[in-house]
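In what follows, a single structure is set out as structure tokens and then discussed.
Every number in this text was worked out from the coordinates using simple rules, so none of it is lab data. Everything numeric here is computed off the predicted structure, so don't read it as measured data. Neighbour counts are summed over all protein chains in view; Cβ atoms, including those assigned to glycine, are modelled from backbone coordinates with ideal geometry.
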Amino acid sequence: MNETVIVGLNPAKKTKNIYAYLVDELDNLTFTFLYNPEEKSFSKQAKYDEGATALTSTPSQFYSYTSGLTLRLSNLILESYTRGKTCQILLDKLQALMVADPVKGKYAPTPVYFKWGSDKFGPAVITDLSWSETSWLNGEVASARVSFTLLQIPESQLPRKAQVETSQNKLKAALKSSNKLTDRQKEDAASKAKIWLNQNIKKLPEKVSSLVKINKYKIVVQDNGIVALYTNNSKPLGVVGWYKDGKLDTSGSNNNLNSFNK
């Protein structure tokens with residue numbers, strides 16, 4: 001053994017009763033392993049596109065991208081037969097992490113983190129899941145071997161990570177702005193907001209679009225650039241956007257208008 005290499009490694013303690021588990025991006029527990037993994041297999045690939053060959057039989061290679069790191073957990077033990085219990089609920093929990101639920105506003109499977117003591121992998125999504133059942137109690141699985149793969153994804157792809165730029169956060173940021181708009185800038189902001197409302201009338205919430213169609217609304221531009229929408233009776237309908245440097249930022253406007261109409 002090369003002692004020079006050993007000396008350069010970080011120390012680690014041997015700790016008992018530390019079990020692996022999965023959590024979502026808010027650190028909510030989504031799955032606890034009945035038995036710890038017996039092995040962890042990692043892989044990562046750099047993708048290249050082949051070019052045309054000319055003077056050599058070996059084609060040239062052009063870099064395309066590098067895949068996310070994958071973690072393969074194989075032959076995980078699920079065994080509850082000796083305790084007189086079924087482990088079906090554990091299989092159901094893993095399967096639930098692979099499906100979307102548009103009815104509940106979940107348009108993609110839940111990203112997770114694999115944690116085991118001080119070890120952490122993720123964010124990642126489960127790309128494949130397989131299992132073999134080996135014993136049953138009254139037809140319900142009581143012993144199984146499970147394997148699944150976690151594929152690393154960018155943190156920017158996390159559903160709630162994207163909410164850093166949500167309407168409420170933008171509203172707070174705009175409120176802190178110290179530069180007040182001039183009357184002319186406010187007129188320009190209101191004009192741009194009206195154009196945007198008419199151009200996107202089909203995308204607006206029904207309550208808002210019906211008022212825009214009959215021109216029964218008013219636009220109020222605040223000193224800090226917030227462009228708000230109200231009924232003629234001064235009831236708030238939401239935020240259209242944020243005006244700054246001659247431009248109206250309407251990203252997230254539909255979410256704003258939806259939130260004010262709940």
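Data for the structure
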| quantity | calculated |
| --- | --- |
| Size of electric dipole in the chain: Cβ of Lys, Arg +1 and of Asp, Glu -1, about Cα centre, debye, nearest 20 | 1360 debye |
| Helical contribution to [θ] at 222 nm, DSSP H n ≥ 4, -39,500 (n - 2.57), averaged over the chain, rounded to 500 | -6000 deg cm²/dmol |
| Selected from 95, 7, 217, residue furthest toward positive end of dipole (the chain; charges at beta carbon) | 217 |
| 15 Å beta-carbon shell around residue 34, net charge (K/R +1, D/E -1) | 0 |
| Burial ranking of peptide ranges 189-197, 85-93, 102-110, 64-72 (average Cβ count within 10 Å, highest at the top) | 189-197, 85-93, 64-72, 102-110 |
| Extension gain (nm, one decimal) between residue 72 and residue 101, 0.36 nm per residue minus Cα-Cα | 7.9 nm |
| Point-to-point label distance, residue 203-residue 230, nm (Cα→Cβ direction, 7 Å offset) | 2.6 nm |
| Which of 148, 42 has the fewest Cβ neighbours within 10 Å, and the rest in rising order | 42, 148 |
| Estimated dipole of the range 12-162 in Debye, rounded to 20 [Cβ of Lys and Arg +1, of Asp and Glu -1, Cα centre] | 500 debye |
| Farthest positive-ward along the range 12-162 dipole, Cα basis, beta-carbon charges - from 20, 77, 122 | 20 |
| Identified option (computed Rg and Dmax of the Cα atoms in Å; candidates (i) 23.2, 93; (ii) 19.0, 56; (iii) 27.4, 82) | (iii) |
